[in-house]
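Take a look at the structure set out below.
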Amino acid sequence: MVKRIIDLSLTGLTVVLLLLPAGLIALLIKLTSPGPVLYWSDRVGRHNHVFKMPKFRSMRVGTPAVATHLLSDPHTYLTPIGSFLRRSSLDELPQLWSILVGDMSLVGPRPALYNQEDLIRLRTERGVQELLPGLTGWAQVNGRDELPVADKVEFDAEYRVNQSVWLDIRILWLTVLKVLRREGVSH
């Protein structure tokens, strides 16, 4: 219950503070590439239920719905501002909606794509599917895109066992540092 109150309080404040920048990002996306501003991705949430997670669209319309590292040349799929959105993590801002509606939390394991069967299976074996997925998580501050799937699951399972308000605060702080330094983003 405390975690949900913190999620709603911090997310509500963040939405208010970032409304204008989010509007500018939406306008830039519309001006630089055809298609919708938001991309609604099918993601695996708590108890392995699939939900729709919004992101600012950083890839061209028609890009295959797979993890970016599985694309033969991900850079060819990026929109003109897609690389900037991804490096700055601004493409993640619409996920605040998923936190407000209860599909996600600020901190938890990042939601898997519906077709990342290896990740989903390993998380289920370790009980990680019991957690709400997060905007950021223990795996993200320990490697993000650079981690192999098994290592991500290990960090997710470690978080599951050790989760606390203080660990969440630490993860949020480390996330801010990583985003500002643009660490761990491969595309």
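When all protein chains stay in place, what accessible area (Å², nearest 10, 1.4 Å probe) is found for His47?
90 Å²
Please state the relative contact order of segment 80-174 as a whole percent: Cα pairs under 8 Å, 6+ residues apart? Can you show the working numbers first?
Numbers: 95 pairs, mean separation 26.9, N = 95.
Normalised by residue count, the contact order of segment 80-174 is 28 percent.
Using only alpha carbon pairs under 8 Å that are at least six residues apart, calculate the relative contact order of the chain and give it in whole percent. All intermediate terms of the calculation are to be shown ahead of the outcome.
Values: 264 pairs, mean separation 40.6, N = 187.
In percent, rounded to a whole number, it is 22.
Rounded if a/c is under 1.5, else prolate if a/b is larger than b/c, else oblate: which is segment 80-132, with a ≥ b ≥ c the root eigenvalues of its Cα gyration tensor?
Judged from the Cα gyration tensor, segment 80-132 comes out oblate (a/c at least 1.5, b/c at or above a/b).
Mind ranking Leu13, Leu96 by accessible surface for me, highest first, 1.4 Å probe? Numbers along the way, then the final one.
Numbers: Leu13 100, Leu96 15 Å².
Largest to smallest exposure gives the sequence Leu13, Leu96.
What is segment 102-179 by shape, rounded, prolate or oblate, if you read a ≥ b ≥ c off the alpha carbon gyration tensor as root eigenvalues and call it rounded for a/c under 1.5, prolate for a/b larger than b/c, and oblate otherwise? Write out the running numbers ahead of the final one.
On the way: a/c = 1.62, a/b = 1.37, b/c = 1.18.
Taking the square roots of the gyration eigenvalues as a ≥ b ≥ c, segment 102-179 is prolate.
Full extension from Asn48 to Arg121: what is 0.36 nm times the residue separation minus their Cα-Cα distance, to one decimal in nm? Before the final figure, lay out each step's value.
On the way: separation 73, 0.36 × 73 = 26.28 nm, distance 0.98 nm.
Taking 0.36 nm per residue and subtracting the Cα distance, the gain is 25.3 nm.
Can you give me the relative contact order of segment 49-123 as a percent, contacts being Cα pairs under 8 Å and 6 or more apart?
Details: 53 pairs, mean separation 28.8, N = 75.
Reported as a whole number, the value is 38 percent.
With every protein chain left in place, what is the accessible area of Arg182 in Å² (1.4 Å probe, nearest 10)?
Counting only protein heavy atoms, Arg182 exposes about 110 Å² to solvent.
According to the square roots a ≥ b ≥ c of the eigenvalues of the Cα gyration tensor, what is the shape class of segment 36-129, taking rounded for a/c under 1.5, prolate for a/b larger than b/c otherwise, and oblate for the remainder?
On the way: a/c = 2.16, a/b = 1.40, b/c = 1.54.
The shape class here is oblate.
Taking 0.36 nm per residue of sequence separation and subtracting the Cα-Cα distance, how much length would be gained by fully extending the chain between Lys30 and Ser164, in nm to one decimal? Can you show the working numbers first?
On the way: separation 134, 0.36 × 134 = 48.24 nm, distance 4.00 nm.
Additional length available on full extension: 44.2 nm.
Could you give the spread of the C-alpha atoms of the chain along their three principal axes, from largest to smallest, in whole angstroms?
45, 37, 31
Return the distance in nm (one decimal) between the two label points of a simple spin-label model at Glu146 and Met1, each offset 7 Å from Cα along Cα→Cβ.
The two pseudo-label positions are separated by 4.2 nm.
Provide the solvent-accessible area of Val2, counting protein heavy atoms only and rolling a 1.4 Å probe, rounded to the nearest 10 Å².
Accessible area, nearest 10 Å²: 90 Å².
Modelled label-to-label distance, His75 and Tyr114, 7 Å Cα→beta-carbon offset: nm?
Computed distance between label sites His75 and Tyr114 equals 3.2 nm.
First compute the accessible area of segment 96-187 with a 1.4 Å probe, then give the percent of it belonging to carbon and sulfur atoms. Present the calculation step by step, with values, prior to reporting the outcome.
Values: 2570 of 4650 Å².
Result for segment 96-187: 55 percent of the exposed heavy-atom area is carbon or sulfur.
What helices in the chain pass both tests, a Cα length along the helix axis of 27 Å or more and a mean Kyte hydropathy of 0.5 or higher, using whole DSSP H runs? Intermediate values should be presented prior to the final figure.
Working: long enough: 2-32 (41 Å, 1.77).
Once both thresholds are applied, what remains is 2-32.
Add -39500 (n - 2.57) for each DSSP H run of 4 or more in the chain, then divide by its residues: what number comes out at 222 nm, to the nearest 500 deg cm²/dmol? Please report the intermediate quantities before stating the final value.
Values: 6 runs with 84 residues, N = 187.
Theoretical 222 nm ellipticity from helices: -14500 deg cm²/dmol.
Quick one: of Lys30/Lys52; Lys3/Lys152; Lys30/Lys152; Lys52/Lys152, which pairs are farther than 24 Å apart, Cα to Cα?
On the way: Lys30/Lys52 21 Å; Lys3/Lys152 22 Å; Lys30/Lys152 34 Å; Lys52/Lys152 22 Å.
Beyond 24 Å between Cα atoms: Lys30/Lys152.
The values are calculated or read from the model by the stated rules, or taken from the named source; none is laboratory data. This is a predicted model, so every value here is computed, not measured. Cβ atoms come from the backbone with ideal geometry, glycine included; neighbour counts cover every protein chain shown. Keep in mind that these areas ignore ligands, DNA and RNA; they rest on the heavy atoms of the full protein, side chains included. Shrake-Rupley method; radii C 1.70, N 1.55, O 1.52, S 1.80 Å.
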